Amino acid sequence: MSIVDEKRCYDCFGVLADETRIRILSLLKNGESNVTDLSNEVGVTQPTVSYHLKMLGDLGLILKERRGREMYYIFNNDYPCKGCGVFSAPIRV
């Protein structure tokens, strides 16, 4: 494994190691949602949810779609680990 791949692998596990992000992924696994609804469900502020969604999106764990002024997010079922190859199947939450 190259140094670049190792860095990606560390980043992936770092993102998945956060309890709030796991809770968000679990909610999105059940269907799409927006920041307001996720904030209410998870019990954290909207800026905090947005921060976590950015981190999850940067790794490709979630997909987003703009509808008017709202952004909706959903779990990306086709996400394979692109870094270290630890996951041979898509991540399941």
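Scanning the stretch 56-80 for residues being under 19 Å from residue 11 (Cα atoms), without any contact (Cβ under 8 Å) to a residue 40 or more places away in the chain and among the hydrophobic types (A, V, I, L, M, F, W, C) gives a total of 2. Here residue 91 does not qualify as at pLDDT 85 or above and in contact with a Leu (Cβ under 8 Å, 6 or more places away or on another chain). A search for C-beta distances below 7 Å between a residue of the stretch 27-55 that is surrounded by 15 or more Cβ atoms within 10 Å (Cβ to Cβ) and in a helix (DSSP H, G or I) and any residue that is at pLDDT 95 or above and small (Gly, Ala, Ser), counting only pairs 6+ apart in sequence or on different chains, returns 27/33; 35/50; 49/39.
Scanning the stretch 63-80 finds no residues that are modelled with pLDDT of 80 or more, in contact with a helix residue (DSSP H, G or I) (Cβ under 9 Å, 6 or more places away or on another chain), assigned to a helix (DSSP H, G or I) and buried (at least 16 other Cβ atoms within 10 Å of the Cβ).
The values are calculated or read from the model by the stated rules, or taken from the named source; none is laboratory data. Worth saying up front: this structure is predicted, and the values here are computed from it rather than measured. Neighbour counts are summed over all protein chains in view; Cβ atoms, including those assigned to glycine, are modelled from backbone coordinates with ideal geometry.
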